[in-house]
Amino acid sequence: MRTPAAVLCGLGTSLPGRSVSNARLIEENHLDSDDRWIVERTGISTRRLADPGTSTGDLALAAGRAALDSGAELAGAPVRPDIVLLATTTPDHRCPATAPEVAHRLGLDGVPALDVSAACTGFVYATTCAQALVTAGLYERPLVIGAETYSTTLIDPHDRDTAILFGDGAGAVLVRAGTPEEPGALMAQDLGSDGGRAGLIQVPAGGSRLPHGAPGNGPRDHYFRMNGRAVYAHAVRRMTDSAREALDGTGWSPDDVEAFISHQANQRIIDAVADRLGIPAARRHGNLRELGNTAAASIPLALADTAVRRLVAPGARTLITGFGGGLTWGAQTLRFPEARPHSRSPHPHHDDEAL
């Protein structure tokens, strides 16, 4: 019997309604910066920020529903996932995981659900897990969600180096068993980590290493910290190397790549990786300028945005790569999906019955 391939058959997104420009962010947070400096340094002009009361789970729920809408449209019938994987660094609670509650709110009681914590590489890790589950024959229809609310949980609004970078949002993909020739088929993958450099991207306090109330635990220790210069160097090298491994595993060269979708961290990082791989600007796709860095949500949001704009044909040879805290990194090759993305607005928990 032929081993099944994992195929992306549904695309969903959810974004907060509040769009905040660089100028407005600077004014509201009293940052020592200006719009031109932020655009030149990062490539970001605006970002979406969650309203008070909107959680990561709310965004994940809406994106998951949208992916199911998309999958049902393509299949011509309702679809029911048999496992839910939620990639996030900003769960609703430290315990329990957020994925089981999202599954419950989706009407999937009894379906296994788990969080995947790999920072900005979380979506690549989660889809690789989904692919492995499908090809092993253990599950037939995983739902993979990347969702984050960095602005309300991890970011110091007065820290110029991090406040300008991050936005909130969620993206989701529905996966099914299929064949490698189909649009949406996941091909090869490469994952890696380096815990020896965990301090380069870190929230120092709040875990068991430095619990709340422990000596030396200051208010700023609960915010996201990043060594930007070192992260840039590692991100470019690791994403480039991982992308090459995934391409080699597929039998593709960089010249074969018709679409390059990177984690939307910083335009200079994206361009440096693509330049090293030899992928021309016309084949690079993303929405960093409009959404900022949405961490684990950035790749599915960029994938959906590319599909909405009809910039890439279904079946096109596509390369995805990401890098995040841990340190973690990864890359995947796939055939661009044919599913039409759907979008839903996030709703707070008490509004579930209205959805």
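Hydrophobic, long helices, defined as DSSP H runs whose alpha-carbon span along the helix axis is 27 Å or greater and whose mean Kyte-Doolittle value is at least -0.5, occur in the chain at 56-75.
This ranking places Glu290, Glu148 by how few other beta-carbon atoms lie within 10 Å of each, fewest first, which gives Glu290, Glu148. Between rounded, prolate and oblate, where does segment 1-64 land on the alpha carbon gyration tensor, with a ≥ b ≥ c its root eigenvalues, rounded for a/c under 1.5, else prolate if a/b exceeds b/c? It comes out oblate by the Cα gyration axes. Of all DSSP bridge pairs formed entirely within the chain, close to 65 percent run antiparallel. Among 310-321, 223-234, 328-339, the peptide with the highest mean count of other Cβ atoms within 10 Å heads the list, and the full ranking is 328-339, 310-321, 223-234. Computed on the chain, with alpha-carbon pairs under 8 angstrom and 6+ residues apart, the relative contact order is 28 percent.
Extension gain, Asp256 to His222, is 7.8 nm, computed as 0.36 nm per intervening residue step minus the present C-alpha separation. Within the shell of other residues whose beta carbon sits under 11 angstrom from the beta carbon of Ala113, the net charge comes to -3, with Lys and Arg scored +1 and Asp and Glu -1.
Cβ-Cβ distance of Ala198 and Ala75, R₀ of 30 Å, FRET efficiency by 1/(1 + (r/R0)^6): the value works out to about 0.10. Once the chain from Arg24 to Asp82 is taken as fully extended at 0.36 nm per residue, the excess over their C-alpha distance is 16.6 nm. Of the trypsin sites (Lys or Arg not before Pro) found in segment 1-46, the ones in coil according to DSSP and having at most 15 other Cβ atoms within 10 Å of their Cβ are Arg2.
Treating each Cα of segment 172-290 as an identical point scatterer and summing with the Debye formula, the log10 of I(q)/I(0) at q = 0.17 Å⁻¹ comes to -0.99. Over the residues of the chain, the helix contribution to mean residue ellipticity at 222 nm works out to -9500 deg cm²/dmol, using -39500 (n - 2.57) for each DSSP H run of at least 4.
Taking amide H as placed 1.01 Å from N in the peptide plane, the amide H of Thr90 sits under 5 Å from that of Thr149, each at least 5 places away or on another chain.
What net charge do the residues around Val7 carry, taking every other residue with its C-beta under 9 Å from that of Val7, with Lys and Arg at +1 and Asp and Glu at -1? Spelling it out: positives minus negatives among the neighbours equals +1.
Using θ = phi - 60° in the Karplus curve 6.51 cos²θ - 1.76 cosθ + 1.60, the 3J(HN,Hα) couplings for segment 178-185 round to x, 10, x, 7, 6, x, x, 5 Hz; x is entered for Gly and Pro.
Centroid-to-centroid, using Cα positions, segment 240-271 and segment 71-136 are 25 Å apart. Note on Asp248 and His349: the extension gain reaches 31.9 nm, defined as 0.36 nm multiplied by sequence separation minus the Cα-Cα distance. Working from Cα pairs under 8 Å separated by at least six residues, relative contact order for segment 1-152 is 29 percent.
Here the relative contact order of segment 227-348, from alpha carbon pairs under 8 Å that lie six or more residues apart, stands at 31 percent.
None of the figures in this text is laboratory data; all of them are computed from the coordinates on show. Owing to the predicted nature of the structure, the values given are computational and were not obtained by experimental measurement. Don't worry about glycine lacking a Cβ; one is built from the backbone with ideal geometry, like all the others, and counts go over all protein chains shown.
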